[in-house]
Amino acid sequence: MTLDITALRVSIGGREILHGVDLRLEAGRVHGLAGESGSGKTMTGLAVLGLLPHGARASGAIRLGDRDLLSLPAKELNRVRGGEVAMVFQDPATSLHPMLTVGRQLTEHMRHHLRLGRAEARARAVDLLAKVRIPAPEEAYGRYPHQFSGGMRQRIAIAIALACSPKVLIADEPTTALDVTVQAGVLRLLRGLCDELGLAVLLVTHDLGVMSAVADEVSVMKDGQVVESGPRGNVLRTPSHPYTRTLLASLPTPPPEPDSPAGPSSGSDAEAR
Amino acid sequence: MSLLAIDDLVVEHRSPGRPVVRAVAGASLTVAPGEVVGLVGESGCGKSTLARAVCGLNPVTNGSITFDGEPVTPLGLRRRKLTGIQMVFQDPYASLNPRRRVGDQIADGLRTARDTTTSPADLLERVGLPREYADRHPHEFSGGQRQRIAIARALAARPRLLIGDEPISALDASAQSQVAALMRDLAVESGAGLLFISHDLSVVRLVADRIAVMYLGRIVEVGATAEVWARPRHPYTRALLRAVPQPDGLGVLPAELPGDVPDPANPPGGCRFHPRCPLVMDVCRDKDPDFGPVACWLHEPK
Ligand SMILES: Nc1ncnc2c1ncn2[C@@H]1O[C@H](COP(=O)(O)OP(=O)(O)O)[C@@H](O)[C@H]1O
Ligand SMILES: Nc1ncnc2c1ncn2[C@@H]1O[C@H](COP(=O)(O)OP(=O)(O)O)[C@@H](O)[C@H]1O
Ligand code: SF4
Ligand SMILES: [Mg+2]
Ligand SMILES: [Mg+2]
């Protein structure tokens, strides 16, 4: 399913924060959204989820299939959120309840949204934990979030987001709080899930390395507008907007030499400059 | 001559009813005047504990820390300022006093250094902020601006050693490399040494003359930045570098390092990296490679 954002404007307390954003998410594709802090990336994601701050006004359209999420009644929007559209945030604590077991958090969503029975929900929860590669998923099911490392907690948050077979996943800086070694695993997981489940993913990240690793399309925001959008290779290798060039130029890393063990895998050497 | 010399340092955390955590377990490292040393490693490996021990904020269990030829002993905050070591912390929201104007906070540092000619506004200018911000309060600034202010305050005391403990981790990408470069420039300009702690290797690469890689309380590899980057030798260093995604537009997924950092209260025997090492050999399980500059049986000094 595609998610089409057109001419999205959002204002809060009379101040316009998004000035007409256009973005298109497609099934099985990761759309990366970059830009400095305050440029409106999180607001764009929240608008899709219908979670804008109180008093915010949104106009334009956010089309999921034949529905416009912006004009959906609250009750139907609730069903979409956590059902067809799910989310993962920077801090897994945002999506995990500290006092409930991992299993309970996973199954509650399913029983509510998918109306599954207890046993069915449990089996699916254990499957999901295995899918996000939590070791010993049967045991993990009965444990609490604090009994896992940060990387594992983010995997569990992803499992919860996937619980109701969403079509669209909004991931807002999902690896920013993680060590690079752990980030690598989570990025591989996200990419794999997108390919395997045909998810349409909006990946918000300020890290252009992360963007380059997993995104198919890249859009760059500045001051509430998308200033550049296109296939990953074009945007990152031949940026057309001066702002994107500044972003890239502010990066410390020209990639390491291809012959070093840290260099890109040999398959991509031919393509490298 | 080293400005800072850390030799076989051991630092333990003790809390009632819990096993002793040997957060720093025999680490050696030096920083020369005007030199920038980057300390990298996964969270929990002991970077902050080491930094706090250097500042006299964590008691030393074993080994030694020498600053300017004098042993570092646990000190009160006041004495620490006088010793010439200043620290910039990760969280720019917690490190500034919310109730005082930033100019007054910078003036504290100037007083420590008995500097009567420099004004807080001068320092704000040096960290790239408008002079008139001196009259404002911390809440009026973004995270990146606050971190610049924290740096201005640290520099005001004219430290001979500046320590940044993840000073850029809470900032956003464009601010990160700018603030890191700023710290480097200002430290080097004033002839101070800089110990720059970060889990972000690509930023450390930008600012450090030498890189020290820490794993589970040990420094496992030290070397010139360009050398370590181009030819990492310790298997852990290699894994760390491979995990950094490159913004080259090629869609290469970074390599994963399986397994978590073990509990420092119960570290593996032999080489501490052996349960995660792709090159593990028999000797690694029995014998601890406690030598440098690369603590690995594949790189034993001749
Ligand atoms: N709750 C809120 N009320 C009013 N303005 C807000 C709120 N949250 C964010 N903003 C403003 O909206 C703009 C975009 O913010 P955001 O979407 O969070 O940026 P990003 O995610 O790109 O860092 C910023 O100018 C920010 O100050
Ligand atoms: N005050 C403390 N009491 C007990 N354990 C601690 C304390 N501070 C840190 N530790 C433990 O010491 C180890 C090293 O922590 P730290 O020095 O903060 O690492 P890093 O800065 O590299 O993330 C971790 O296992 C951490 O849980
Ligand atoms: S000593 Fe052995 S286990 Fe340790 S890093 Fe070297 S090869 Fe790996
Ligand atoms: Mg955001
Ligand atoms: Mg730390």
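The values are calculated or read from the model by the stated rules, or taken from the named source; none is laboratory data. Keep in mind that what you see is a predicted model, and the values were worked out from it rather than measured. Here the Cβ is made from the backbone with ideal geometry for all residues, glycine too, and neighbour counts use every protein chain on show. Protein only, heavy atoms only, side chains kept; ligands, DNA and RNA dropped before computing areas. Shrake-Rupley method; radii C 1.70, N 1.55, O 1.52, S 1.80 Å.
Quick one: which residues, 5+ away or cross-chain, put their amide H under 5 Å from the amide H of B:G223? H built at 1.01 Å from N.
B:I211
Name the residues of segment A:176-216 whose amide N is less than 15 Å from a point 7 angstrom out from the Cα of B:N266 along the C-beta direction?
What the label zone holds, given the 15 Å backbone N cut-off, is no residue at all.
Take every DSSP beta bridge whose two residues both sit in segment A:153-252, then give the antiparallel share in percent to the nearest 5.
So the antiparallel bridges amount to about 55 percent of the total.
Report, by chain and number, residues whose modeled amide H sits under 5 Å from the one on A:V227, excluding near sequence neighbours (fewer than 5 apart, same chain).
When sequence neighbours closer than 5 places are left aside, the close amide H contacts are A:V220, A:M221, A:K222.
Looking at the square roots a ≥ b ≥ c of the eigenvalues of the Cα gyration tensor of segment A:64-205, which shape do they give, rounded for a/c under 1.5, prolate if a/b is larger than b/c, or oblate? Please list the in-between numbers first.
On the way: a/c = 1.71, a/b = 1.18, b/c = 1.44.
It is oblate, given that a/c is not under 1.5 and a/b is not larger than b/c.
Per-residue HN-Hα couplings for segment B:249-255, Karplus 6.51 cos²θ - 1.76 cosθ + 1.60 at θ = phi - 60°, whole Hz, x for Gly and Pro?
Result, ordered by residue: x, 9, x, 8, 6, x, 6 Hz.
Testing the spin-label approximation: label points 7 Å from Cα along Cα→Cβ at B:E132 and B:R231. State their distance in nm.
Spacing of the two 7 Å Cα→Cβ label points: 5.6 nm.
What does the net charge come to around A:T181 if you take all other residues with beta carbon closer than 13 Å to its beta carbon, with K and R at +1 and D and E at -1?
Values: positive: A:R188, B:R238, B:R242, B:R276; negative: A:D179, B:E42, B:D200, B:E256, B:D260.
Taking every Cβ under 13 Å from that of A:T181, the sum is -1.
If you look at just the Cα atoms of the protein assembly as shown, how large are its Rg and its Dmax in Å?
24.8, 75
Run the lone-cysteine check on chain B: no other Cys C-beta under 4.7 Å from the residue's C-beta.
Unpaired cysteines in chain B: B:C45, B:C55, B:C277, B:C296.
Restricting things to Cα coordinates, could you compute the convex hull volume per residue of segment A:3-272 in Å³? Present the calculation step by step, with values, prior to reporting the outcome.
Numbers: hull volume 37.5 nm³, N = 270.
Taking only Cα atoms, segment A:3-272 has a hull volume of 139 Å³ per residue.
For the pairing of chain B with chain A, what total accessible surface becomes buried, with a 1.4 angstrom probe, in square angstrom to the nearest 100? Can you show the working numbers first?
Details: alone 14610 and 13710 Å², together 24840 Å².
Roughly 3500 Å².
For chain B, restrict the atom set to alpha-carbon positions and state the Rg and Dmax in Å.
19.8, 64
What does the charge count around B:A5 come to, taking other residues whose C-beta lies under 12 Å from its C-beta (Lys +1, Arg +1, Asp -1, Glu -1)?
On the way: positive: none; negative: B:D7, B:D8, B:D68, B:E70.
Once all neighbours under 12 Å are counted, the net charge is -4.
If I take every Cα pair under 8 Å that is 6 or more residues apart in chain A, average their sequence separation and divide by the length, what percent do I get for the relative contact order?
Numbers: 490 pairs, mean separation 70.7, N = 273.
After rounding, I find 26 percent.
Write down the Å³ per residue value for the convex hull defined by the alpha carbon atoms of segment B:138-211.
Numbers: hull volume 6.0 nm³, N = 74.
That works out to 81 Å³ per residue.
How many nm is it between the label spots at B:A94 and B:D7, if each spot is 7 Å from the Cα in line with the beta carbon?
That separation, rounded to one decimal, is 3.4 nm.
Among DSSP bridges having both ends in chain B, what percentage is antiparallel? Round to the nearest 5.
Details: 22 of 39 bridges.
For chain B, the DSSP antiparallel bridge percentage is about 55.
Once you order the gyration tensor axes a ≥ b ≥ c over the Cα atoms, which shape class does segment B:1-104 get: rounded for a/c under 1.5, otherwise prolate or oblate by comparing a/b with b/c?
Working: a/c = 1.63, a/b = 1.18, b/c = 1.38.
Because a/c hits 1.5 or more and a/b fails to exceed b/c, segment B:1-104 counts as oblate.
Calculate the FRET efficiency for A:R63 and A:I12 from the Cβ-Cβ distance with a Förster distance of 30 Å, rounded to the nearest 0.05.
After rounding to 0.05, the efficiency reads 0.85.
Would any residue of segment A:197-212 have its amide N under 14 Å from a label point 7 Å out along Cα→Cβ of A:R237? List them or say none.
Within reach of a label on A:R237: A:212.
For Cα pairs less than 8 Å apart in space and 6+ apart in sequence, what is the mean separation divided by the residue count of chain B, i.e. the relative contact order in percent?
Contact order relative to length: 20 percent.
Return the average number of partner chain Cβ atoms within 10 angstrom of each residue Cβ along peptide A:231-238.
Details: counts 2, 3, 4, 1, 1, 6, 4, 1.
That average works out to 3.
How big is segment B:148-302 by Rg and Dmax over its Cα atoms, in Å?
17.5, 53
Rounded to the nearest 500 deg cm²/dmol, what is the calculated helix-only ellipticity per residue at 222 nm for the protein assembly as shown, with -39500 (n - 2.57) per DSSP H run of length n ≥ 4?
Numbers: 20 runs with 188 residues, N = 575.
It comes out at -9500 deg cm²/dmol, rounded to the nearest 500.
Mind counting lysine pairs for me in segment A:3-272? Cα separation below 27 Å, and the two need to be 8 or more apart along the chain or on different chains. Don't skip to the answer; put the middle values down first.
Values: A:K41/A:K75; A:K41/A:K167; A:K41/A:K222; A:K75/A:K167; A:K131/A:K167.
Lysine pairs meeting the criterion: 5.
How much of the accessible area of chain B, in percent, comes from carbon and sulfur atoms when a 1.4 Å probe is used?
On the way: 6260 of 12860 Å².
Taking all protein chains in place, chain B shows 49 percent carbon and sulfur surface.
Roughly how big is the protein assembly as shown's charge dipole about its Cα centre, with Cβ charges of +1 (Lys, Arg) and -1 (Asp, Glu), in debye to the nearest 20? Working shown, then result.
Working: 65 positive and 63 negative charges, 271 e Å.
The calculation lands at about 1300 debye.
Keeping all protein chains in place, calculate the accessible area per residue for the protein assembly as shown (probe 1.4 angstrom), answer in Å². Let's see the in-between values first.
On the way: 24840 Å² over 575 residues.
With all protein chains present, the protein assembly as shown gives 43 Å² per residue.
How high is the FRET efficiency from A:Q147 to B:L253, r the C-beta distance, R0 25 Å, rounded to 0.05? Each step should come with its number before you reach the end.
On the way: r = 28 Å, r/R0 = 1.14.
So, using R0 = 25 Å, E works out to roughly 0.30.
Compute the Cα gyration tensor for segment B:200-275, then decide on rounded, prolate or oblate, letting a ≥ b ≥ c be the square roots of its eigenvalues: rounded whenever a/c is under 1.5, prolate when a/b is larger than b/c in the other cases, and oblate in all that remain. Can you show the working numbers first?
Details: a/c = 2.37, a/b = 1.39, b/c = 1.71.
Because a/c hits 1.5 or more and a/b fails to exceed b/c, segment B:200-275 counts as oblate.
Taking amide H positions as placed in the peptide plane 1.01 Å from N, state which residues far from B:R218 in sequence (5 or more) or on other chains have amide H under 5 Å from it.
Under 5 Å from the amide H of B:R218: B:A25.
Averaged across B:234-243, how many Cβ atoms of other chains sit within 10 Å of each residue's Cβ atom? Walk me through the numbers on the way to the answer.
Working: counts 0, 1, 1, 2, 3, 5, 4, 6, 10, 9.
The shielding value for this peptide is 4.
Can you work out the PRE-style zone for B:H139? Point 7 Å along Cα to Cβ, and I want the residues of segment B:83-113 with backbone N under 16 Å.
Counting only backbone N, you get B:93-102.
Based on the mean of other Cβ atoms within 10 Å per residue, sort peptides A:183-190, B:7-14, B:149-156 so the most packed one is first.
Numbers: A:183-190: 23.0, B:7-14: 17.0, B:149-156: 26.0.
Taking the mean over residues of other Cβ atoms within 10 Å, the ranking is B:149-156, A:183-190, B:7-14.
For segment A:27-137, take the alpha-carbon Rg, divide it by the Kirkwood Rh, and send me Rg/Rh. Before the final figure, lay out each step's value.
Working: Rg = 16.4 Å, Rh = 16.4 Å.
The Rg/Rh ratio comes out at 1.00.
Could you give me the ³J(HN,Hα) list for segment B:96-108, computed from phi with Karplus coefficients 6.51, -1.76, 1.60 and θ = phi - 60°, whole Hz, x at Gly and Pro?
9, 6, x, 8, 10, 5, 5, x, 5, 5, 5, 4, 4
Taking every residue in A:204-211, how many Cβ atoms of other protein chains lie within 10 Å of its Cβ, on average?
Working: counts 0, 1, 6, 7, 6, 9, 4, 4.
Partner Cβ neighbours, averaged per residue: 5.
Rounded to the nearest 5, what % of the DSSP beta bridges within segment A:3-272 are antiparallel ones? Don't jump to the answer; show the numbers that get you there.
Working: 24 of 42 bridges.
Among the beta bridges of segment A:3-272, antiparallel pairing accounts for roughly 55 percent.
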